[in-house]
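The values are calculated or read from the model by the stated rules, or taken from the named source; none is laboratory data. The structure displayed is predicted, hence computed values, not measured ones. Virtual Cβ from ideal backbone geometry, glycine too; neighbours counted across all protein chains shown. The accessibility values were calculated without ligands, DNA or RNA, using every heavy atom of the protein model including side chains. Shrake-Rupley method; radii C 1.70, N 1.55, O 1.52, S 1.80 Å.
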Amino acid sequence: MAAAWRGSGRLLFLVQKHHSCISLPQNLNHFARISLQFSTVVHYQKAMPDQPQTSTDLGLYKPPPTVRGMTELDRAAFSQTVSVPAIRIPTNVLNKLVKSLKKVALQRPGLKRVVDEHKEDGNKDCSNGEHRLLLLDPNSITFTDSFGSEEAEALKAYGVPQEIQRYELKLTYENLKSEEILRAVLPEGQDVTSGFSRVGHIAHMNLRDHQLPYKKLIGQVIIDKNPGITCVVNKTNTIDSTYRNFQMEVLAGESNMVAKVRENGVFYEFDFSRVYWNPRLSTEHERIVALLQRGDTVVDVFAGVGPFAIPAARRGSEVLANDLNPDSFRWLQHNAKLNKVDRKITSFNMDGRDFIRGPVRERLPALMKGSQKIHVVMNLPALALEFLDAFRGLLGPEPDQSLSRQDDNLPQVHCYGFSKEDDAQRDVVERAEASLKISLQGQCSVHLVRNVAPNKEMMCVSFTLPRGVLYGTHTQDRDSSEEPCPKKQKCEDFTD
């Protein structure tokens, strides 16, 4: 585990090391202590004594306790007046000195750190424009000797005495961050989340049971504090349908579900309520596309709305893209036209196995005679490893032994899977081997895509499809009377 401090008690930031990568915890609240800072000036009092602040000063930036348990948002209830330290600076050296004191200045988006002086009655003192006040971070500056050597030297150089004054701030709802508001409202001791996945103008949340009574308030806070978000939704069930979409409830804002997204320079449009889209996979999409060369062929078995297929086509690949969901199929075609690559993509609306054993089998022999690589992408991590059995015996009996095998251009497979095992790499390889009925030891590579949840990884196993799998008698272990499409099974892993 790695840790780093910044400032004087202002920020503690921890990250966890998991396997071979550093990943951020899903709930940063357990690992961070953030000094809270607010705005809006009223007046200041006379110089504070040369002594530490009282213990009550350490809790300056907390919303009023009366908001605890609020279920309907009352913005006015968050108003509060608090006292912060300030230092009086001549205007002729103000800009230079503010730069020297920036580490101890009160910093917060929208906050004016430099304010006018006021009389004791709260009115602006217009008789003296030669000085202004710089508001200071109370977690860094508690008394005159709190300044570090650099700050003290700067003050001395400009002839400014280290005299701290008190300044009254009126804090309002507008000065608070979403996490601070929710922490003040939700029951003490309960997990507080202000995190969400952003899909265009939509904020997608996965609220826990104890947060549901506050869901409408949470939705409105997310809209208020995140410019560009006009709709907040909460998933109401696991993704258990054939088409990988899920039921959702609009918590706040408009009900428009057609999102417009830009990822890695590619534009996508889709109805978020009808298709699957995960903004956390942009790096993985980019990684796979970077493997492609102009003229390669990409077979995308579970294409969705095109996050692999469309950038692959833009890179110059010929793409066979398939998805069982009719809405995904329609938006895939729409996005291909939107990005002017519709002539490079041949799209299908079929079950994954039927796609492999139909259009892919028809085209594969000719593609394997060429020199350009063939990449098969199977991004359905809850079930894709099971679909590998569709390649067994795909091309029928072994061809004439007198023909050279050196000319065969065997497909490169990139298959995704979830794992909750301690050794996730070994787990996904063994499951791939079980579907293919052949060993992949020493013939594959495994990439950790991301940590989905505690003790759950998303992995990608890549390998060259063995000749022994493609050629030979095709056998299926499952009863032929069973439903041939595992996508119709309920699987909670789809939620990721």
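Numerical summary
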| quantity | calculated |
| --- | --- |
| Pair Gln443, Glu362: separation of 7 Å Cα→Cβ label points (nm) | 2.9 |
| Calculated FRET value between Glu254 and Arg75, using beta carbons and R₀ = 25 Å, to 0.05 | 0.80 |
| Viscosity 1.306 mPa s, 10 °C: Kirkwood-radius Stokes-Einstein D of the range 424-469 over Cα pairs, µm²/s | 141 |
| Cα Rg over Rh - the range 187-327, Kirkwood | 1.04 |
| Protein accessible area in the range 349-474, 1.4 Å probe - carbon and sulfur % | 46 |
| Trypsin sites (Lys or Arg not before Pro) within the range 185-239, DSSP loop, no more than 10 other Cβ atoms inside 10 Å | Arg208 |
| Chain lengthening between Leu94 and Ser149 when straightened (0.36 nm per residue, less Cα-Cα) | 17.9 nm |
| Out-of-range pairs (alpha-carbon distance over 18 Å; input Lys62/Lys170; Lys177/Lys235; Lys96/Lys156; Lys260/Lys456; Lys62/Lys102) | Lys177/Lys235; Lys260/Lys456; Lys62/Lys102 |
| Pairwise FRET efficiency - Thr346 versus Asn264, Cβ, R0 = 25 Å, nearest 0.05 | 0.65 |
| The range 340-356 - phi-based ³J(HN,Hα) in whole Hz, Karplus 6.51/-1.76/1.60, Gly and Pro as x | 6, 10, 4, 7, 9, 10, 9, 9, 9, 10, 9, 5, x, 5, 5, 5, 5 |
| Residue-level accessible surface for Met248, protein heavy atoms, 1.4 Å, Å² | 40 |
| Theoretical FRET efficiency, 1/(1+(r/R0)^6), r = Cβ-Cβ of Asp116 and Asn226, R0 30 Å, to 0.05 | 0.45 |
| Amide H contacts of Ala321 (H built 1.01 Å from N, under 5 Å, at least 5 apart or other chain) | Asp300, Thr346, Ser347, Phe348 |
| Within-9-Å neighbourhood charge of Val469 [Cβ basis; K, R +1; D, E -1] | +3 |
| In Hz, Karplus ³J(HN,Hα) per residue of the range 217-225 (6.51, -1.76, 1.60; θ = phi - 60°; x = Gly, Pro) | 5, 4, x, 5, 5, 4, 5, 4, 9 |
